[in-house]
Amino acid sequence: MKSIVVRSPKEPLALEDRDQPEPGPGQVRVKVHACGVCHSDRLVTEALWPGLQLPRVPGHEVAGVVDEVGVGVDQLKPGDRVGLGWHGGHDGTCDVCLSGRFIHCRNAQITGISYDGGYSEYLVAPAVALARVPEELSFAEAAPLLCAGVTTFNALRNAGARPGDLVGVHGLGGLGHLGVQYARAMGFTVVALSRGTDKKEFAGKLGAHHYVDTTQPDFTRQLQDLGGARVILATAPHAKSISALVPGLGLEGCLLIVAAAFEPIQIGAIDLLSRDARVQGWSSGTAADSTDAMAFAAKHGVRPMIETWPLAEASKAVGAMMDGTVRFRAVVETGAA
């Protein structure tokens, strides 16, 4: 099989011929059709993840079909359409798993970090990590929903907002363009927040009811004039921009952060105390959450905006994603039939 391999940090990705992996007990071999490129793939390509063992095949937005199942796997069969996200498995026995929060398992596995990921024609993964991909979605469409999609969907549905509440989505990139679509389909009154006025029409096409230009000095006043946001989903990874959103929250509002800004985010206590507001982070989700995110997307017409590359050109896809040439989502396709 063909695989794209990281052998050394910050070096060109290598296209290699490898033997097909065999699924062990509780595992499934997946024939990969598509794998999304995520900014988090830098953790592998630049060896930024602590304890990462190279060589490694990256990729944690995987969509394909079951090729073979290991002993003890009864819930899946060859030919099933499946997907695999960041959460690559859990032990089911630690204190966190026993409380039902599998995404935070003490011994969690991460797809493309703990074991080889989706930049390959085949991979092996724990059956518990696989989500169901609806027939209505192509594999290339499904792939980004297994990270960017489930992250925004899962964050919004757990944020405490109800249909009709004002929900802001900050940023209109890979996460934000999905966040707006999901928020609209969930019945929220959606306001898109981004820099400049040139994105207003695009935000409306995604489903936003309102648009706010964050370069304006009084942009949070516009949110307050709309009643104050119950939730602002922060999808743009810029610490100062995220900090500036807090005054736009309404009473008991939530600044919900899914963007991984690397510098500290500074927020004044008075801004929170004066409105009983909170700041919350949100991780992605388990296989069950990914299944829900894709089923919801299929039903309500939520789709990622993608650009595709063949597997052999995965390095170009990664480069385009990391340097911002791709505005939304890049997807690598294996050419599987």
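The values are calculated or read from the model by the stated rules, or taken from the named source; none is laboratory data. Everything numeric in this text was worked out from a predicted model, so none of it was measured. Glycine also receives a Cβ, built like all others from the backbone with ideal geometry; neighbour counts cover every protein chain displayed.
Quick check on my filter: what residues within the stretch 1-54 are of a type in the set (G, A, S) and touching a Phe, Trp or Tyr at 6+ places or on another chain (Cβ under 9 Å)? Steps first, answer last, please.
Residues of the stretch 1-54 of a type in the set (G, A, S): 3, 8, 14, 24, 26, 34, 36, 40, 47, 51.
Of everything in the stretch 1-54, those that are of a type in the set (G, A, S) and touching a Phe, Trp or Tyr at 6+ places or on another chain (Cβ under 9 Å) turn out to be S3, A34, S40.
Can you tell me how many residues within the stretch 121-138 are aromatic (F, W, Y) and either part of a loop (DSSP other than H, G, I, E, B) or outside the structural domain of T111 (by TED's automatic domain parsing) (or both)? Can you show your working first?
Initial filter on the stretch 121-138 (aromatic (F, W, Y)): 122.
Then drop every residue that is not either part of a loop (DSSP other than H, G, I, E, B) or outside the structural domain of T111 (by TED's automatic domain parsing) (or both), which leaves none.
The total comes to 0.
Of the conditions (1) touching a strand residue (DSSP E or B) at 6+ places or on another chain (Cβ under 8 Å); (2) without any contact (Cβ under 8 Å) to a residue 60 or more places away in the chain, I306 satisfies every one except a single condition; which number is it?
Of everything listed in (1) touching a strand residue (DSSP E or B) at 6+ places or on another chain (Cβ under 8 Å); (2) without any contact (Cβ under 8 Å) to a residue 60 or more places away in the chain, I306 misses just condition (2).
Collect the residues in the stretch 202-213 that are in a loop (DSSP other than H, G, I, E, B) and either buried (at least 19 other Cβ atoms within 10 Å of the Cβ) or within 22 Å of the chain's Cα centre (by Cα) (or both), keeping them in residue-number order. Show your work before the answer.
Taking the stretch 202-213 as the starting set, the residues that turn out to be in a loop (DSSP other than H, G, I, E, B) are 207-209.
G207, A208 - these are the residues of the stretch 202-213 that are in a loop (DSSP other than H, G, I, E, B) and either buried (at least 19 other Cβ atoms within 10 Å of the Cβ) or within 22 Å of the chain's Cα centre (by Cα) (or both).
Quick check on my filter: what residues within the stretch 169-201 are of a type in the set (S, T, Y) and surrounded by fewer than 21 Cβ atoms within 10 Å (Cβ to Cβ)? Don't jump to the end; show me each part of the working.
At the first step, the residues of the stretch 169-201 found to be of a type in the set (S, T, Y) are 182, 189, 194, 197.
Once the filter is applied, which keeps residues that are of a type in the set (S, T, Y) and surrounded by fewer than 21 Cβ atoms within 10 Å (Cβ to Cβ), the stretch 169-201 yields T189, T197.
Go through the stretch 317-337 and count every residue that is touching a strand residue (DSSP E or B) at 6+ places or on another chain (Cβ under 9 Å) and crowded, with 16+ Cβ neighbours inside 10 Å.
Of the residues in the stretch 317-337, 13 are touching a strand residue (DSSP E or B) at 6+ places or on another chain (Cβ under 9 Å) and crowded, with 16+ Cβ neighbours inside 10 Å.
Please go through the stretch 308-337 and give me each residue that is under 16 Å from the mean Cα position of the chain (by Cα) and not β-branched (V, I, T), ordered by number.
M321, M322, R327, F328, R329, A330
Would you mind stating whether G51 is in a strand (DSSP E or B) and either farther than 16 Å from Y122 by Cβ or among the aromatic types (F, W, Y) (or both)?
Working: in a strand (DSSP E or B): no; either farther than 16 Å from Y122 by Cβ or among the aromatic types (F, W, Y) (or both): yes.
Against the criterion (in a strand (DSSP E or B) and either farther than 16 Å from Y122 by Cβ or among the aromatic types (F, W, Y) (or both)), G51 does not qualify.
Pick from the stretch 260-317 the residues that are among the charged types (D, E, K, R), in a loop (DSSP other than H, G, I, E, B) and modelled with pLDDT of 95 or more: which of them is farthest from A185 (Cα to Cα)?
Of the stretch 260-317, the ones among the charged types (D, E, K, R) are 263, 271, 275-276, 278, 289, 292, 299, 303, 307, 313, 316.
Next cut, in a loop (DSSP other than H, G, I, E, B) only: 263, 275-276, 303.
Those left that are additionally modelled with pLDDT of 95 or more: 276, 303.
Values: D276: 27, R303: 12 Å.
Here the residue is D276.
Can you go through G207, G250, G171, G176 and tell me which one is closer than 28 Å to E61 by Cβ, in the same structural domain as D271 (by TED's automatic domain parsing) and out of contact with any Ser or Thr (no Cβ under 9 Å at 6 or more places or on another chain)? Working first, answer last.
Numbers: G250 fails: closer than 28 Å to E61 by Cβ; G171 fails: out of contact with any Ser or Thr (no Cβ under 9 Å at 6 or more places or on another chain); G176 fails: out of contact with any Ser or Thr (no Cβ under 9 Å at 6 or more places or on another chain).
The unique qualifying residue is G207.
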